[in-house]
Structures are given as C-alpha cells and as structure tokens.
Amino acid sequence: MKTLEEYMALASQSHGHMCPGQVLGIRMAMLGLKSLAIEDPAKYRKRLVTFVEIDRCATDAVSVVTGCRLGKRSLKFLDFGKVAATFVDVETNRAVRVVAREDAREKARAMFPELSEPRQQQLAAYQAMPDADLFIREPVRVRLSANDLPGRPRSRVACEQCGEGVNDGRERRVNGRVLCRSCAGERYYETVTNDE
Ligand SMILES: [Zn+2]
Ligand SMILES: [Zn+2]
C-alpha cells in the first residue's frame, strides 16, 4: 500500500482536483484493505471486489486505492447516497464495510477553527483524524453470485423483443419470454425521433 500523500497525488490527478471527499475515499479504502490484511492491492486484482454506495468524489478515490474498476466488474455501484464502501475478498469471503461518521464534519471544525472555510477544515482534518473518528467499520458478509464476479461473461442471450444482447444473467423472464430489462419495463430512456 502507498502512503496517504502518494494516494492523494494519484487521486487528484485522475479526479481533476483534491477535495475532502477524496481524502475520505482514500482513507476509507486504506482502512478497508488493512482490515482484510491486504498489503498490496495490485496483487489482489483477481479477488478484491468493492461496493461503493455513492457516485461522488469519494468513490473515485476508492477506485484509485483499490484498483477496482467498473469496467472490470470489480467495482460495484449501489445508489444508496452514502459515503460508504464494502471491500470483499472473494477468495476467503471476508468482507468489511466502512462508512463515514456523521459527526466527522463537526470534529473537523473543532480541530481547525483557524481555517475559515469548512472545505479547508475538512481537507486538513480528514488527513489528520484517527480512523475511529472518521469511520465506523463492521465485518459483513456479501453473497456474490457467479454472474457478478469479474472475469469472462458467464452467459449471453438475445432479448426476444429488441434483439439486443444481454450478458451475465441480467435478462428477465416475462410470460415465458426472455427480455432485456428495458423491454421488461425498466427502461430509463425514451426514444425520440430526429425532429423532436
Ligand atoms: Zn472532488
Ligand atoms: Zn430488449
């Protein structure tokens, strides 16, 4: 594992700026890895899966530290709106969930009253605060199906309505038909004609 400073340099490069959320994300991931006794995340590419619960700054930093990526199926995004992440060693089935404490902002303010901006207070404090003041950590169990694991697709079918291919068991069975999620009623977009 690299140091906080090294990760901060890497994270601000890939995220475009440094911010309190990223410091939280970096430290959250470092704590998660430490809890699973993972010293070098690069050696765990095949067995580390991370669930992130928010699509904000912290998540980018979690990805930098763990090496887990959406495109490799090792990063799973769940839209819960929480600064939290769960780190799973799929080989041992050990997992730990780390969530940022609600009172961390208050503590940041108390720690650096000389800084006027909350953002500056948080940026400084989140680097200095002990893990226990920043996070709550709990061992958990995550049941991952074969269809969720990294590696080659486990299956691929064509939707009987639109014909588009669907990987890894994400199809739905509706009245005896195999449908993609869109055609099964979960479509998130509307088709528009060119002149609209
Ligand atoms: Zn940011
Ligand atoms: Zn379809």
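The values are calculated or read from the model by the stated rules, or taken from the named source; none is laboratory data. It should be emphasised that the depicted structure is a prediction, and the values quoted were computed from it without experimental measurement. Heads up, the Cβs are rebuilt from the backbone with ideal geometry, glycines too, and the neighbour counts pull from every protein chain shown.
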Residue count for segment 30-61, restricted to those that are among the polar types (S, T, N, Q) and buried (at least 20 other Cβ atoms within 10 Å of the Cβ): 2
Quick test of your reading of the structure: E91 fulfils all but one of (1) in contact with a Lys or Arg (Cβ under 8 Å, 6 or more places away or on another chain); (2) among the charged types (D, E, K, R); (3) at pLDDT 95 or above. Name the failing condition by number. (3)
Pick from V157, V192, V96: which is outside any helix (DSSP H, G or I) and under 30 Å from K43 (Cβ atoms)? V96
Does segment 118-130 include one or more residues that are within 14 Å of ligand 2 (Cβ to nearest atom), polar (S, T, N, Q) and free of Cβ contacts under 8 Å to residues at least 40 places away in the same chain? no
Here the residues within segment 131-154 that are under 22 Å from the mean Cα position of the chain (by Cα) and either assigned to a loop (DSSP other than H, G, I, E, B) or of a type in the set (K, R) (or both) are R137, R141, V142, R143, L144, S145, L149, P150, G151, R152, P153
If we keep only residues of segment 82-112 that are touching a strand residue (DSSP E or B) at 6+ places or on another chain (Cβ under 9 Å) and among the β-branched types (V, I, T), then the residue surrounded by the most Cβ atoms within 10 Å (Cβ to Cβ) is V88
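This table checks each residue for (1) at pLDDT below 95; (2) touching a Leu at 6+ places or on another chain (Cβ under 9 Å).
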position: A128; (1), (2): no, no
position: A132; (1), (2): no, no
position: R137; (1), (2): no, yes
position: L149; (1), (2): yes, no
position: R177; (1), (2): no, no
position: E186; (1), (2): no, no
position: E190; (1), (2): yes, no
position: T193; (1), (2): yes, no
Please name all residue pairs, on different chains or six or more residues apart, with Cβ atoms under 6 Å, provided the first residue is in segment 160-183 and is farther than 26 Å from P150 by Cβ and assigned to a loop (DSSP other than H, G, I, E, B) and the second residue is near ligand 2 (Cβ under 7 Å from one of its atoms) and not polar (S, T, N, Q). Q161/L179; Q161/C183; C162/C183
Looking for something among the small types (G, A, S), on the phi < 0 side of the Ramachandran plot, assigned to a strand (DSSP E or B) and touching a residue at least 24 places away in the same chain (Cβ under 8 Å) - is there at least one such residue anywhere in segment 101-116? no
Would you point out the residue of segment 172-196, among those that are touching a strand residue (DSSP E or B) at 6+ places or on another chain (Cβ under 6 Å) and of a type in the set (A, V, I, L, M), that is farthest from ligand 1 (Cβ to nearest atom)? V178
Checked segment 91-149 for anything of a type in the set (D, E) and farther than 25 Å from A9 by Cβ; matches are E91, E102, D103, E106, E114, E138, D148
